[in-house]
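Structure first, then comments.
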Amino acid sequence: MEARNKGDNLLVIRETKMNADSQKYKTEINIKDRMPVLIMDGGIQLLMRQLIVNNFWGDFEYYTINVYGKVLRGVITVKKERKKVRIFYRSFTDVIVVKNLKYFNDVVEESSETYFTSNGKIVLHFWPRYNYLLHAIRSPPKPKERILPKLELMWKTDNLLFKHYQKKKKLTLENAMSYLQSHPEVVDFIYDYVHSLLQKKPEVVFPFTVKYFQNMKNTY
């Protein structure tokens, strides 16, 4: 759609494509002493949401052109009063009612009614002259899971830290092997512990381990 100023008129050209067919419609809107808002069909509900988010209430006038090139004057009415609405199994409180009327030569051509939450989410939208409605089913928002990289991957990318880790790892392994060679009784303790663990097969290993070494401490 194109819009061009032409003196006191606004020249609007809309091209409608249906399958392989294409049609262009041209029309003029008198904009003398007014600042009209021209909205495409798909942008009207976005305009409603914008009005609600900005705490607007009252009447808002705009113009639109339908798919057949007919210029319609629209009036969005945002009600100040809040309502409680129950839809199927859910109840909504503080619902904002928005009515949208489209006029052609001061005669109502189309009308609709939309219920919004205070943050601009659609609860219910229907057209009174048609036999269907649109209900926006909103499930509870899922908590966003923060995906953090593994700490190991973070410090391994730092060459200095990784070299320091390799050095410490080597020293720790050497110290452990040296200690075990100097104290062979530790190997016997570990062997007895593992043997007792496999023999008793406790459901929870940790309290069994604590009790086992406490008894060993009392024995020795």
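Sort through Tyr25, Tyr103, Tyr68 and tell me the only one that's at pLDDT 85 or above and more than 34 Å from the chain's Cα centre (by Cα). Step through it out loud before you land on a result.
Values: Tyr25 fails: at pLDDT 85 or above; Tyr68 fails: at pLDDT 85 or above.
Going through Tyr25, Tyr103, Tyr68 in turn, the sole match is Tyr103.
Please specify each residue of segment 38-57 satisfying the condition of being at pLDDT below 70 and either among the aliphatic types (A, V, I, L, M) or farther than 27 Å from Trp127 by Cα (or both).
Kept after step one, since they are at pLDDT below 70, are these residues of segment 38-57: 38, 40-42.
Selection gives Leu38, Met40.
Tell me which residues, restricted to segment 191-220, are exposed (fewer than 10 other Cβ atoms within 10 Å of the Cβ) and more than 53 Å from the chain's Cα centre (by Cα).
Within segment 191-220, Gln199, Lys217, Asn218, Thr219, Tyr220 meet the criteria.
Here is a check on your reading of the model: is Val12 surrounded by 11 or more Cβ atoms within 10 Å (Cβ to Cβ), at pLDDT 75 or above and part of a strand (DSSP E or B)?
On the way: surrounded by 11 or more Cβ atoms within 10 Å (Cβ to Cβ): yes; at pLDDT 75 or above: no; part of a strand (DSSP E or B): yes.
In short, no.
The values are calculated or read from the model by the stated rules, or taken from the named source; none is laboratory data. All figures in this text were calculated on a predicted structure; none of them were measured in a lab. Neighbour counts run over all protein chains shown; Cβ positions are idealised from the backbone, glycine included.
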